[in-house]
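Novice: Structure provided below as structure tokens; questions to follow.
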Amino acid sequence: MDIIDILFTASFWAATIRIASPLIFATLGELICERAGVLNLGIEGIMVSGAFAGWMAVYSGTGLWVGVGVAMAVGMLFGLLHSTLTVPFGLSQHVVGLGVTLLATSSTYYAYRLALPEVTSPPKIVAFQPYEIPLLSDIPLLGPALFSQTPLTYLAFVLVAVVGLVLYRTPLGLAVRAAGENPAAVAAQGLSVTTIRMGAVIIGSGLMAVGGAFLTMSAFDSFFFEMVNGRGWICIALVVFGSWRPGKAMLGAVLFAAFDALQIRAQQTSLGAQVPYQIFLMMPYILSILALVVMSRRAEVPAALMVPFNKGER
Amino acid sequence: MDTVVVEALNLDAITKRFGTLTANDAVSLSLSEGEVVALLGENGAGKTTLMNILFGQYTADSGTVRVFGKTLPPGNSRAALDAGVGMVHQHFTLADNLTVLENITLGVGSLLSTSSGRSATRDRIKALSQKYHLSVSPNARVGALTVGERQRVEILKALYRDVRILILDEPTAVLTPQETDDLFATLRLAIADGLSVIFISHKLHEVMAISDRVVVLRHGKITGGVRTADTDKHALATLMMGTEATPPKVPQSTPGPALLKLDRVATPDVGNAPGLKSVSLSLHAGQIIGLAGVSGNGQAAIADVVGGLVKPAEGRIEIGGSGIDRWTPREAVKSGIARIPEDRHKTGTIADFDLTENAILERYRSAGFSKAGWLNWRSSRAFAEAIINKYDVRCPGPDTPIRLLSGGNMQKLILGRVLEAAPRVILANQPVRGLDIGAVNYVHGQLLEARARGAAILLISEDLDEVMAMSDVIHVIADGQLSPGFGRGSMTPTELGLWMAGQGFKNENAHAS
Ligand SMILES: Nc1ncnc2c1ncn2[C@@H]1O[C@H](COP(=O)(O)OP(=O)(O)O)[C@@H](O)[C@H]1O
Ligand SMILES: [Mg+2]
């Protein structure tokens, strides 16, 4: 099969959408944090914790959606930790973020070992199953690609629109954006910058954890160490790629996912027999870096990103 | 008249300390409905602190704030806004990347409501701007607006909330005289509708023009209060300073050789600001050249050319009689040009650097401050301390980040940095903007001393009185064109005003052709 032919298979597009879904959740989460002015480098660890928490909850007998809720709650707790340190205390967002990633990752592994001390291979759960949307899923090519996905994938794409609407069409979203542009303007209008920023980080972290949970509850059906595998860092780049806009960031996630889906399939082509597979593995990252270089020139960074604010101080 | 005087505001024994410094010391103040009180005081007297307490952005250590009889909870701006208090801060509190409409509606109503009601909002803003002559487009991005327009947005923000008490903290410091007049016209309309105003300014003629009563704050304490009708500018100045405020005497001086010459210099337009059109200017030793004009007519372009930030597109620059090829800020510094920049926050200092670092900012490579590429902190610090002592910069010490200083003290550090470099040419761009009278006299006195030592000074200012008092020769700049030089006392303000409006240039062109 040729690389061009791959682009016309439903399975390629279905995989693209599936791979994009966790990225979309986490990218939206990061985007909300950064729009409020807080860089959240805890994303990678929070995704790990979400992946484990959702899966563990379902493994212990809760329903799938409850599992998603548990993952979200765990992410929000880490968000609370992150934002308490970075917002009222104004500590370095880089250091706190990396600290949260280390803490969340290692405490997750610890919790895993505590919960399942004996196992060599992790147990499986019954994950979310694809749901074929009536009528739409019958459309040739598009139907199996877009409309035969799991409910979590549909949720990811719906959330893009929801986050966009909230950010641009509601007073709350305006306050969040303003907090990332000029916190003094927010304070001068009688709002609490601390509350807005902490709220944004907590909600954003919850979404990151749901992104992680997608991996164990929708893409795979089990939890492995290293399964998040740098996706969090990709999402940080996707926010820049998307110029801090939900729709554009979603396109970036789909683009990255398409490269990823393509490289797996390209390995099986005649070309794949000649070229070392590591080259293919590199492809999505190299192309993303190129895309980032092109796109981020015009990116509009929130002016107060990483600028702490304390009422009553100069 | 038998109108009952309603007390709009009552501040009772407000005290606020920052560490060991008492910024407000048992300050009490009241304001009646429809009254305009001007709050007067030197830089650092505690005016902004007091207003921030009233507006709930700072929490007082003790004392109460009552608005229309109700005590406000301390440190709660929301409560202050809800009680009808609005504040236009000394520095704009606008988000540049948001639109005018977004900045105005931010935080009005519940954050959790879903409707945005944009068209109704837009209509309301349009109606307000019409009623109060505050023309500004609701959909414009604030970052694209001029300073004057931004100030209008700040006022609209308050009017949109139907405030009944408006605090204006040095609103005119950044405005041109024309914009100030417009602001006053707007305020008068609102005051006629019952708005009460606390107005802060260092410009005494503004205080005389707009206020009913003047309250003076010195070192955090109220030291006096008078009805505006019973006083004059001179008395106010004395009240504010605690001593007689006398502007420095301007002795005669004889100009020496030309130190810097611009010969038919032209620069391209930058956005709305015109570039220079064949400008010739020579700065002589021992002379102050004043540049008068309405802001935005090419002052920035001249300053950039002299400071080495912009190379002339046409014409040449001569220093000490010889032409210059390479022209960069470093070349300018090396040739003995020192700058007092127009915006001390943006281009004059680095906010988070301490006083030592800011003091050597333009000269850290020179022999005294570094050797073989290594900074000499000991001599740098000593230099900063010398400036602090000699120029009376009030601060905790040379290790303080400069952003903690009041504007006047920041300016004194810049002035010291400039004068201690023993410059041949001084570019003084708006050197007294936002300073109190004491500081203004001090800066002017220092510039005159530099002149006596043989420096050539280019003084750029929008304040015609300042230009006329200080300059040996005045040029008017209008639309990038420079008028001929007029000797001290040879022109009346009205005649200069005509040149500023571009009138003189037309006559001159008519003569030439
Ligand atoms: N947040 C703050 N932290 C420390 N010192 C401050 C703060 N705000 C103001 N000050 C100090 O309080 C004094 C009064 O300042 P301010 O109220 O800004 O004066 P004014 O507005 O009259 O020029 C100054 O000495 C200033 O340095
Ligand atoms: Mg002030």
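Novice: Yes or no: segment A:210-229 includes at least one residue that is out of contact with any strand residue (DSSP E or B) (no Cβ under 6 Å at 6 or more places or on another chain), facing another protein chain (nearest Cβ under 9 Å) and more than 16 Å from A:Val307 (Cβ to Cβ).
Specialist: No, that holds for no residue.
Novice: Another one. Out of segment B:106-122, which residues are part of a helix (DSSP H, G or I) and either of a type in the set (D, E, K, R) or at the interface with chain A (Cβ under 7 Å from one of its Cβ atoms) (or both)? Break it down into steps so the answer makes sense when it comes.
Specialist: Initial filter on segment B:106-122 (part of a helix (DSSP H, G or I)): B:118-122.
B:Arg118, B:Arg122, listed by residue number.
Novice: Could I ask something else about it? Can you work out which of the residues in segment B:64-87 that are basic (Lys, Arg) and farther than 28 Å from B:Glu149 by Cα is farthest from the other protein chains (Cβ to nearest Cβ)?
Specialist: For segment B:64-87, the residue satisfying everything is B:Arg66.
Novice: Of the residues B:Arg118, B:Arg152, B:Arg78, which single one is of a type in the set (D, E, K, R) and over 18 Å from A:Ala175 (Cβ atoms)?
Specialist: Step by step, each of B:Arg118, B:Arg152, B:Arg78 is checked, and only B:Arg152 is of a type in the set (D, E, K, R) and over 18 Å from A:Ala175 (Cβ atoms).
Novice: With the structure loaded, tell me whether B:Val88 is modelled with pLDDT of 95 or more and either within 29 Å of the chain's Cα centre (by Cα) or closer than 19 Å to B:Leu29 by Cβ (or both) or whether it fails that test.
Specialist: Spelling it out, B:Val88 is indeed modelled with pLDDT of 95 or more and either within 29 Å of the chain's Cα centre (by Cα) or closer than 19 Å to B:Leu29 by Cβ (or both).
Novice: Sort out which residues of segment A:300-314 are within 12 Å of chain B (Cβ to nearest Cβ) and either of a type in the set (A, V, I, L, M, F, W, C) or touching a His at 6+ places or on another chain (Cβ under 9 Å) (or both), and write them in order of number.
Specialist: Scanning segment A:300-314 gives A:Val301, A:Ala303, A:Ala304, A:Leu305, A:Val307, A:Phe309.
Novice: Kindly indicate which of B:Val142, B:Val216 is more than 23 Å from B:Asp82 (Cα to Cα), surrounded by 19 or more Cβ atoms within 10 Å (Cβ to Cβ) and within 16 Å of ligand 2 (Cβ to nearest atom).
Specialist: Among B:Val142, B:Val216, only B:Val216 is more than 23 Å from B:Asp82 (Cα to Cα), surrounded by 19 or more Cβ atoms within 10 Å (Cβ to Cβ) and within 16 Å of ligand 2 (Cβ to nearest atom).
Novice: Kindly indicate which of A:Ser83, A:Ser106 is surrounded by fewer than 18 Cβ atoms within 10 Å (Cβ to Cβ) and not aliphatic (A, V, I, L, M). Write out each step before concluding.
Specialist: Details: A:Ser83 fails: surrounded by fewer than 18 Cβ atoms within 10 Å (Cβ to Cβ).
Only one candidate passes the filter, namely A:Ser106.
Novice: Tell me which residues, restricted to segment B:396-411, are within 16 Å of ligand 2 (Cβ to nearest atom) and in a loop (DSSP other than H, G, I, E, B).
Specialist: Correct list: B:Leu405, B:Ser406.
Novice: Here are some conditions: (1) within 13 Å of ligand 1 (Cβ to nearest atom); (2) modelled with pLDDT of 95 or more; (3) surrounded by fewer than 22 Cβ atoms within 10 Å (Cβ to Cβ). B:Ile14 meets all but one. Which one does it not meet?
Specialist: Checking B:Ile14 against (1) within 13 Å of ligand 1 (Cβ to nearest atom); (2) modelled with pLDDT of 95 or more; (3) surrounded by fewer than 22 Cβ atoms within 10 Å (Cβ to Cβ), the one that fails is (3).
Novice: Take the residues of segment B:15-63 that are hydroxyl-bearing (Ser, Thr, Tyr), under 19 Å from B:Ile200 (Cα atoms) and away from chain A (no Cβ under 12 Å): which is farthest from ligand 2 (Cβ to nearest atom)?
Specialist: Filtering segment B:15-63 for residues that are hydroxyl-bearing (Ser, Thr, Tyr), under 19 Å from B:Ile200 (Cα atoms) and away from chain A (no Cβ under 12 Å), the one farthest from ligand 2 (Cβ to nearest atom) comes out as B:Ser32.
Novice: Under 6 Å by Cβ, and 6 or more places apart or on different chains, what pairs join a residue from segment B:47-67 that is assigned by TED's automatic domain parsing to the domain that holds B:Arg17 with one that is of a type in the set (Asp, Glu) and away from ligand 1 (no atom under 11 Å from the Cβ)?
Specialist: Short answer, once both residue conditions are applied: B:Gly63/B:Asp12; B:Thr64/B:Asp12.
Novice: A further question on this structure: Name, by its number, the condition in (1) within 21 Å of B:Pro423 (Cα to Cα); (2) outside any loop (DSSP other than H, G, I, E, B); (3) in contact (Cβ under 8 Å) with a residue 24 or more places away in the chain that does not hold for B:Glu362.
Specialist: With respect to (1) within 21 Å of B:Pro423 (Cα to Cα); (2) outside any loop (DSSP other than H, G, I, E, B); (3) in contact (Cβ under 8 Å) with a residue 24 or more places away in the chain, B:Glu362 is out only on (2).
Novice: Of the residues in segment B:412-452, how many are more than 16 Å from ligand 2 (Cβ to nearest atom) and part of a loop (DSSP other than H, G, I, E, B)?
Specialist: 6
Novice: Does segment B:37-44 contain any residue that is away from ligand 1 (no atom under 16 Å from the Cβ), touching a residue at least 24 places away in the same chain (Cβ under 8 Å) and within 26 Å of the chain's Cα centre (by Cα)?
Specialist: no
Novice: B:Thr48 is checked against (1) within 19 Å of B:Arg161 (Cα to Cα); (2) within 13 Å of ligand 1 (Cβ to nearest atom); (3) under 23 Å from the mean Cα position of the chain (by Cα) and fails just one. What number does that condition carry?
Specialist: (1)
Novice: Among the residues of segment B:88-104 satisfying the criterion of being at the interface with chain A (Cβ under 7 Å from one of its Cβ atoms) and not in a loop (DSSP other than H, G, I, E, B), which is surrounded by the most Cβ atoms within 10 Å (Cβ to Cβ)?
Specialist: Top of the filtered list is B:Asn103.
Novice: Output yes when any residue across segment B:123-133 is within 10 Å of chain A (Cβ to nearest Cβ), crowded, with 16+ Cβ neighbours inside 10 Å and either over 27 Å from the mean Cα position of the chain (by Cα) or closer than 24 Å to A:Ala200 by Cα (or both), and no when none is.
Specialist: No, because not a single residue in segment B:123-133 is within 10 Å of chain A (Cβ to nearest Cβ), crowded, with 16+ Cβ neighbours inside 10 Å and either over 27 Å from the mean Cα position of the chain (by Cα) or closer than 24 Å to A:Ala200 by Cα (or both).
Novice: I'm trying to understand the selection: among the residues of segment B:321-333, which are surrounded by 14 or more Cβ atoms within 10 Å (Cβ to Cβ) and within 21 Å of B:Pro257 (Cα to Cα)?
Specialist: Selection gives B:Ile324, B:Glu331, B:Ala332, B:Val333.
The values are calculated or read from the model by the stated rules, or taken from the named source; none is laboratory data. Here the structure is a predicted model, which means the values were calculated and not measured. Don't worry about glycine lacking a Cβ; one is built from the backbone with ideal geometry, like all the others, and counts go over all protein chains shown.
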